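Colleague: Please find one structure pasted underneath; my questions will follow.
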Amino acid sequence: MRHPPQRFHADSLFYSTTMQASLIPVITIDGPTASGKGTVAHLVAQKLGFHYLDSGALYRLAALSAIRHQVPLNDEHALAKLAEKLPCKFVGDQIWLANENVTSAIRAEEIGNTASKIAALPTVRRALAGLQLGFRNAPGLVADGRDMGTVIFPHAALKVFLTASVEARAERRYKQLIDKGFSASMEDLLKDLKERDTRDSNRAIAPLKPAVGAHILDTSNMTANEAVELVLEWYAAVKKQA
C-alpha cells in the first residue's frame, strides 16, 4: 500500500536514534549532480577526521542492482525491497556491492539516470533512509546528497547547499567520465544534467532545494580546496557558537 509522499520524513527515524547518536555532529552538503559536493564533502571529512556518507552512491547501487536483476523501474514495491536489503559496504574510497568492487561501474551515465528516477519513489527513499542514518558515528559525519539537510539530517550542525552553473557542471562531469575511461558527449551531458535537475527539483518527495539555514556555495569559479576551506571556516564558527 502506497503512503502519501507528505507523510514521509526522516524526523521520526532521527528521533528514534539514541541520545548519544544525536550528539554526534553532522555536516550536510547537498547540491545538484556534478556540483562538486562529493569531492568537497570527502575532503572536509578527511580534514576533520569524520566519517563520510555519499548518499548518492546508495541510490546508484540500488539502480545498478535493479538493472542487473531486471527489476522494472515502475515496480516500486520490488525496487524498495531490493534497496532495503542492499548488500553494500564502503571501504575507504571503494564501493562494494556484495563481493564486487563497483566503484567505477556506478558512475556510468545510465546508472546515474536510473538512480535519479528511482530516487523519486517514496518507498525506495524510506528503504534507504535507515541505511543513511546508520552512518552517523563518532567523532562526526559529513554527508553529501540531495536531501541530507532537508530530510535525513534536518538538525545537522552545519548545512551547505553547493551549486554551480550547468555549463561548469557539464565540463566537470565530462572530465570525470573521460578520466575514468567512459565515452562522453558535452551536448548529451548538458541535456542530461538539465533534465536531471528538473526531475530532482520537482519530484513530490524530498525535492532538491537548500535546507532552511543552509549556506549557499556557488563553486562555478572556485577550486575544490577553496570550497573546502570555506566550509571548514563555517563549521569552526558553528563550534564557537555551540
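Colleague: Can you work out the Karplus-derived ³J(HN,Hα) for every residue in the stretch 209-221? Use 6.51 cos²θ - 1.76 cosθ + 1.60 with θ = phi - 60°, whole Hz, and x for glycine or proline.
Modeller: The phi angles translate into 6, x, 6, 4, x, 6, 7, 8, 10, 8, 9, 3, 10 Hz.
Colleague: Now, a different point. What is the set of long-range amide H partners of CYS88 at a cut-off below 5 Å, with H atoms built 1.01 Å from backbone N?
Modeller: So CYS88 has HN proximity to ALA98.
Colleague: Something else about it: Given the C-alpha centroids of the stretch 129-189 and the stretch 50-103, what is the distance between them in whole angstrom?
Modeller: Here the answer is 16 Å between Cα centres.
Colleague: Okay, moving on. Per residue of the stretch 86-91, what does 6.51 cos²θ - 1.76 cosθ + 1.60 with θ = phi - 60° give for ³J(HN,Hα)? Whole Hz please, x for Gly and Pro, Karplus curve as stated.
Modeller: 4, x, 10, 7, 10, 10
Colleague: At a 1.4 Å probe, what is the % contribution of carbon and sulfur to the accessible area of the stretch 111-242? Mind dumping the intermediate values first?
Modeller: Details: 3230 of 6100 Å².
Exposed carbon and sulfur together represent 53 percent of the surface.
Colleague: What accessible area per residue, rounded to a whole number of Å², is obtained for the chain using a probe radius of 1.4 Å?
Modeller: In whole numbers, the chain has 50 Å² accessible per residue.
Colleague: Can you return the lysines within cross-link range of LYS175? Criterion is Cα-Cα under 30 Å, with same-chain partners fewer than 8 residues away left out.
Modeller: LYS37, LYS47, LYS89, LYS117, LYS159, LYS191, LYS194, LYS209
Colleague: Return the carbon/sulfur percentage of the accessible area of the stretch 44-94, one whole number, probe 1.4 Å, all protein chains in place.
Modeller: The value for the stretch 44-94 is 49 percent carbon and sulfur by accessible area.
Colleague: Next up: Report ³J(HN,Hα) in whole Hz for each residue of the stretch 159-169, in order, from the Karplus equation J = 6.51 cos²θ - 1.76 cosθ + 1.60 where θ = phi - 60°; Gly and Pro get x.
Modeller: With coefficients 6.51, -1.76 and 1.60, one gets 10, 10, 10, 9, 9, 6, 4, 5, 5, 5, 5 Hz.
Colleague: If we count every other residue with Cβ under 13 angstrom of GLY38's Cβ, Lys/Arg +1 and Asp/Glu -1, where does the sum land? Kindly include the intermediate steps, with their values, before the conclusion.
Modeller: Details: positive: LYS37, ARG60, ARG107, ARG146, ARG169, ARG172, ARG173; negative: ASP30, ASP54, ASP93, ASP144.
Cβ neighbours under 13 Å give a net charge of +3.
Colleague: Here's another thing I want to ask about it. For ALA143, list long-range residues whose amide hydrogen, built 1.01 Å from N in the peptide plane, is under 5 Å from its own amide hydrogen.
Modeller: Placed amide hydrogens put ILE27, THR28, ILE29, LEU53 under 5 Å from ALA143.
Colleague: Using helices alone, what [θ] at 222 nm do you get for the chain, with -39,500 (n - 2.57) per DSSP H run of 4 or more residues, divided over all residues and rounded to the nearest 500?
Modeller: -14500 deg cm²/dmol
Colleague: List the residues whose amide H sits under 5 Å from the amide H of LEU73, counting only those 5 or more places along or on another chain, with H placed 1.01 Å from N in the peptide plane.
Modeller: none
Colleague: Let me ask something else about it. What are the semi-axes of the equivalent ellipsoid of the stretch 51-175, taken as the square roots of 5 times the eigenvalues of the Cα gyration tensor, listed largest first and rounded to whole Å?
Modeller: On the way: eigenvalues 95, 71, 49 Å².
Here the semi-axes work out to 22, 19, 16 Å.
The values are calculated or read from the model by the stated rules, or taken from the named source; none is laboratory data. This is a predicted model, so every value here is computed, not measured. Because the Cβ atoms are built from the backbone with ideal geometry, glycine has one as well, and the counts that use them run over all protein chains shown. Heads up: the accessible areas ignore ligands, DNA and RNA and are worked out on the full protein's heavy atoms, side chains in. Shrake-Rupley method; radii C 1.70, N 1.55, O 1.52, S 1.80 Å.
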